[in-house]
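Quick note: the coordinates plus some simple rules give every number you see, no bench work behind them. Model, not experiment: these values are computed from the prediction. Backbone-built Cβ (ideal geometry, glycine too); neighbour counts: all protein chains shown.
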Amino acid sequence: MFKQLIYLISFLSLVAVLPAGATETEKDQRKFDYFFYEGLNLKNAGKFDAAYDAFNHCLAIDSTAAPVLYELSSFYVQLNRPEKAVEMLKRAVANSKDNFTYKMALASITRNLGMYGEAAEEYEELVRDYPEKEELNYYLADALTQAGEIGKAIEAYDALESVIHAEIQTVRPVGETGRGFQGDREASG
């Protein structure tokens, strides 16, 4: 009851400071922003019940807000409701297709839940979108192996190996031999 009273007072004080000429969408956006940042503050303060309520209030204002869906997914993981967490992350990814963090979270949770086929699909997309992140090839290969797609897993490991090999070649070209510490001592003295 006390929590609800605080939210009501917060909401009324927020509405009281809105300019008279503000449109309904501006008012909703301000309410959304207030409750979202309040939810983050409460979460950081360890007040998880109140943070959960604040994020749900945001979701009532805008059910497509990817940051809210992402935040709520972490609560569902902690509440041991992984299916709901996956649902929230899928919605977050659908509403923010270019967000690496949301995609990675979805791929990770589906992999951890044994949904290897779905995880592999997410990792394949991540590898396409972020080829410079070589660790994604490892996660993809692991998900494919677990899904029983050994041929594709080998291709992912090969891709990982070629990326690592290319990095080694950039650091030290083929044919170059280092003298190591002994050679350095001989040259200096």
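Brief remarks follow.
- Derived scalar couplings ³J(HN,Hα) [region 61-67; Karplus, 6.51 cos²θ - 1.76 cosθ + 1.60; whole Hz; x for Gly, Pro]: 6, 9, 6, 9, 6, 4, x
- Contour minus Cα-Cα distance for residue 97 and residue 165 (0.36 nm per residue): 21.4 nm
- Placing +1 on each Lys and Arg Cβ and -1 on each Asp and Glu Cβ, with no other charges, gives region 36-105 a dipole about its Cα centre of roughly 220 debye.
- Set 27/103; 31/133; 43/133; 43/84; 43/90 screened for pairs whose C-alpha atoms are more than 26 Å apart: 27/103; 31/133; 43/133
- Computed label-point distance, nm, for sites residue 47 and residue 113 using a 7 Å Cα→Cβ extension: 3.1 nm
- For a label point 7 Å along the Cα-to-beta-carbon line of residue 25, residues of region 63-100 with backbone N under 14 Å: none
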